[in-house]
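Contents: one structure, followed by commentary.
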Amino acid sequence: TNIGGYYDIPLAGLLDEYTGAAAGYSLRRLSSTYTGSAIKVQDNVGGATLDVGFDSNGELNTSAIAAYGGSNDVFVETWYDQSGNGNNAVQATSSARPKIYDGTTGVVTENGKPAVEFDGTNDFLDSVGLSETTLTSFHVAKPDQTNSGDALLCFDGNTGNGFFRYNSNGTMRVNFFGGLNTSTNYTAAQNLVFALYGTSVAIGYDGATAETGSATGITTTGVRIGQKGNVDYFNGNAQEIVLYPSDQTANRTGIENGISGYYDI
């Protein structure tokens, strides 16, 4: 990365190695061919929005955010999809946006990397373009474990038809209308989660063996990040969410290694 950044050589990213993603949200560059920004932000005083890209190492340009924010808090209006499919996750209401920069403490971080902070009260981002019957999800997030039902991802808009939920009792639960309601223990560390659903559902985290189940009638009508069903708002930090419209069981280890290596999980 250091050599590639210095010589302006676009190094292969996760989406170059494992192609076909439906959406990729991250605070690092996921593809060598992606030329857009990572996020669009706005400060808490309603200033002009700012598209924030990457530095020469493919990491979020935190210097640009700090220069823009100054003593004001800064929030994410758009988390851009790096897959090339245009499935951006957006929040038009300023009061419901997750934070990326604090005017007192600086850029939000988790494990030394920039993170998007959801407050557990009303923050969420919507991507309405996804409509899949099979979906594999990989994400890096850390719940603060203070809420009883923190939903990081909902696969059916605001209705709650398929979602990841973190519980304060130390479990991570996957719920799907029509079948599966399963849970597994998780640690307080960042979680690298794998799940796929169609008629079959599997869940794993941090390389652990997946639990399996079945579900029927599951179809995405968009993906909501940070909330489900107008309740269960996620309270914690998220850094990367990659969604594939296919079964990625065969690629699970490679994808998880690519993500966990970067985030030092």
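The values are calculated or read from the model by the stated rules, or taken from the named source; none is laboratory data. All values reported here derive from a predicted model rather than from experimental measurement. Here the Cβ positions follow ideal geometry from the backbone for every residue, glycine too, while neighbour counts run over all protein chains shown. For the accessible areas, the whole protein counts, side chains as well, though only heavy atoms, and no ligand, DNA or RNA atoms are used. Shrake-Rupley method; radii C 1.70, N 1.55, O 1.52, S 1.80 Å.
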Number of the condition not met by N122 [criteria: (1) at pLDDT 95 or above; (2) touching a helix residue (DSSP H, G or I) at 6+ places or on another chain (Cβ under 7 Å)] = (1)
Residues satisfying the stated conditions in the range 16-56, i.e. β-branched (V, I, T) and out of contact with any strand residue (DSSP E or B) (no Cβ under 8 Å at 6 or more places or on another chain) | T19, T33, T35, V45
Yes/no for L15 being part of a loop (DSSP other than H, G, I, E, B) and closer than 22 Å to I265 by Cα = no
Apart from one, (1) open to solvent by 30 Å² or more (accessible area, probe 1.4 Å); (2) outside any loop (DSSP other than H, G, I, E, B); (3) not β-branched (V, I, T) all hold for F138; the odd one out is (1)
In the set G170, G162, G217, which member is surrounded by fewer than 17 Cβ atoms within 10 Å (Cβ to Cβ), modelled with pLDDT under 85 and in contact with a strand residue (DSSP E or B) (Cβ under 7 Å, 6 or more places away or on another chain)?
-> G170
Can you find a residue in the range 48-64 that is at pLDDT 95 or above, among the charged types (D, E, K, R), in contact with an Asp or Glu (Cβ under 8 Å, 6 or more places away or on another chain) and open to solvent by 40 Å² or more (accessible area, probe 1.4 Å)?
-> no
Residue pairs meeting the criteria (Cβ under 9 Å; at least 6 apart or on separate chains; first outside any loop (DSSP other than H, G, I, E, B), in the range 65-93; second open to solvent by 30 Å² or more (accessible area, probe 1.4 Å) and of a type in the set (K, R)) = V74/K99; F75/K99; V76/K40; V76/K99; E77/K40; T78/K40; W79/K40; V90/K40
Any residue at all in the range 5-12 that is open to solvent by 40 Å² or more (accessible area, probe 1.4 Å) and at pLDDT 95 or above?
-> no
Test result for G103, in contact with a Ser or Thr (Cβ under 6 Å, 6 or more places away or on another chain), farther than 17 Å from Q227 by Cβ and either open to solvent by less than 30 Å² (accessible area, probe 1.4 Å) or free of Cβ contacts under 8 Å to residues at least 24 places away in the same chain (or both) = yes
